[in-house]
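Colleague: Next up is a structure, given as structure tokens.
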Amino acid sequence: MDWRHRPRCDETPAWAALQQHFTQQFSGTAAFDLRQAFAQDADRAARFSFDAAEVHSDLSKNLIDDEAQRLLTQLARECGVESLRDAMLAGERINTSEQRAVTHVHWRSESKDATAPDRQAPAAPENIVNLRREITATQSAMLAYADAVRADSAFTDVVNLGVGGSDLGPRLVVQALRASGVANGPRVHFVANMDGHELAELLPELRVDSTLFIVASKSFGTAETMQNAASARAWFAAQGGTDVARHFVAVSSNTAAAEAFGAGRCFAFDEGVGGRYSLWSPIGLPIAIAIGSAAFRDLLAGARAMDAHFAQTPLARNLPVQLALLDLWCRHFHGFGSRCVAPYHHGLRRLPAYLQQLEMESNGKRVDTRGRALSLHTAPVTWGEVGSNGQHAFFQMLHQGTQPVPVEFVLVRNPAHALPGHHTKLLANALAQARALMMGQAGDAPERHFPGNRPSTVLLLPDLSPHSLGALLSLYEHRTIVLGALWGINPFDQWGVELGKRHAGEIEAALHSGDVTALDVSTAGLLKQLR
Ligand code: F6P
């Protein structure tokens, strides 16, 4: 099937069959019950478990049966998911609204001489051959720079100034690998918010001669990052710093603007790398400085292992595809409006925030790629908190609220710390929550009754290493893209953030001038309060 002429999920025969199956098996009084499903089927857990690269997954505690899974897999086939995947990997311009190829995967493909491709593999198109050559050169230079910064004892602190995709992925990875003891380079800080409190709190901890600022912005025009970069440079000058070129480095697709800013070096990347998919590109510089080039290459290798699984595994056992199909099943057929992510590892505490951008900026869309309004709901709300903290906050609602919320538990088998007792308790709590959500409990009073039959998924990593983390994040990326493909939307653009930016510019001007004539009455009233 040509990826350009793929049907949308609700235009396929499988969709109609799924609707019928859902009505018969999952609604009304005879609705599907997880407890019965397990009681009647000893192999259920095995059949709904999948292994991909470093990730073991158990999807069996979801409100799904074999027939639904079969029809969903057929749906993926009828929607041409494989053709879109192959087109992405081949460098075709699948980001149609921006007329761009989607290239983040190439930043983690095998680092070898692009002019001498593997004889077994089909020849890559010329644009990709050229791109890979540039990637190899940039990556080598970026990693050499990262190792040089690590080796330079003059640099004790590195500050990444970036927001959205230029912050969330690198911040998550650095935190995760710090918890694992892999991030052993200089201290790496992240400042994202245009709220000056964030930068102001950090600056007193820094010394001008031992700090490196990374200005991380694909566009080199994002208001938050430009404001923070200007303030950091002003602070640097005020502290007597003179060598801006040594202390400010840029990562961007807009090299001219980075140069005009005064950054000593700019590691450039192509427009095909979307912000929320960019941690593999030079946007990963703070990661490389924190963990070193060898570990950074391990991160890429882990992602590559998941890419290979995604590219080669039949749809019925393809984990990113099966997770996306499950998401669609939960969102559309069950009507669940949100998805909770509960990582049971301190290092993954920013995973929900990272996924919020990845999933909701990618798939929070209301029209398909042909501009037609969708008559079904897209991205559910992604939210969550690190376990076990969430248990003492919102898990009450998960157990006894009026609407089920599918929960995704992310577990790590081996801890990196040696404190006895903690990790066993942590893992036990995660499994206990998933089991309690499913089993429920008949109560001796209404308020002590737990309905149960509440869905959850477990993703399990062997450890939190660069390799396994790379695989996990690649899994999430592909799942998001497949879900977008099923909905027929473009998961690579983000026009929805533009309108607010334009209003912010106008309101900022009005805050300076006091002229509110162009504003609505409410905004004008608030603006007067603020002046
Ligand atoms: O707010 C939207 C957005 O464009 C994101 O998609 C992006 O990750 C973020 O802003 C930062 O963009 P940039 O890297 O260009 O500063």
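The values are calculated or read from the model by the stated rules, or taken from the named source; none is laboratory data. In this text, all values refer to a predicted model and were calculated from it rather than measured experimentally. Here the Cβ is made from the backbone with ideal geometry for all residues, glycine too, and neighbour counts use every protein chain on show.
Colleague: Which residues, counting only those in the stretch 387-417, are of a type in the set (V, I, T) and out of contact with any Leu (no Cβ under 7 Å at 6 or more places or on another chain)?
Modeller: Result: T402, single match.
Colleague: Also, quick follow-up: Residues L460, L431, L426: which one is at pLDDT 95 or above, over 19 Å from A31 (Cα atoms), surrounded by fewer than 22 Cβ atoms within 10 Å (Cβ to Cβ) and within 19 Å of the chain's Cα centre (by Cα)?
Modeller: L460
Colleague: Are there helices (runs of 4 or more DSSP H) fully within the stretch 1-106 with at least 1 residues that are buried (at least 19 other Cβ atoms within 10 Å of the Cβ)? List them.
Modeller: Counting at least 1 such residues, we get 13-26, 34-40, 66-78, 81-89.
Colleague: Filter the stretch 364-401 down to the residues that are outside any helix (DSSP H, G or I) and out of contact with any helix residue (DSSP H, G or I) (no Cβ under 8 Å at 6 or more places or on another chain) and list them by number.
Modeller: Correct list: R366, V367, T369, R370, G371, R372, A373, A393, F394, G401.
Colleague: Please tell me if S522 is at pLDDT 95 or above, buried (at least 22 other Cβ atoms within 10 Å of the Cβ), away from the ligand (no atom under 16 Å from the Cβ) and not hydrophobic (A, V, I, L, M, F, W, C).
Modeller: no
Colleague: Oh, and also: List the helices (runs of 4 or more DSSP H) that sit entirely inside the stretch 420-531 and contain at least 2 residues that are at positive phi.
Modeller: Counting at least 2 such residues, we get no helices (runs of 4 or more DSSP H) at all.
Colleague: Taking the stretch 478-518, which residues are touching a Gly at 6+ places or on another chain (Cβ under 9 Å) and more than 17 Å from E82 (Cα to Cα)?
Modeller: F492, D493, Q494, G496, V497, V516
Colleague: Further question on the same structure: Quick one: is S293 among the polar types (S, T, N, Q) and closer than 29 Å to T136 by Cβ?
Modeller: Yes: the conditions hold for S293.
Colleague: Tell me, which residue of the stretch 196-220 that is in contact with a helix residue (DSSP H, G or I) (Cβ under 9 Å, 6 or more places away or on another chain) and among the charged types (D, E, K, R) is farthest from the ligand (Cβ to nearest atom)?
Modeller: D209
Colleague: Condition first: within 11 Å of the ligand (Cβ to nearest atom) and either assigned by TED's automatic domain parsing to the domain that holds N363 or under 21 Å from Q99 (Cα atoms) (or both). Now tell me which residues in the stretch 489-514 satisfy that.
Modeller: If the condition is that a residue be within 11 Å of the ligand (Cβ to nearest atom) and either assigned by TED's automatic domain parsing to the domain that holds N363 or under 21 Å from Q99 (Cα atoms) (or both), then F492, D493, Q494, W495, G496, V497, E498 are the ones that fit.
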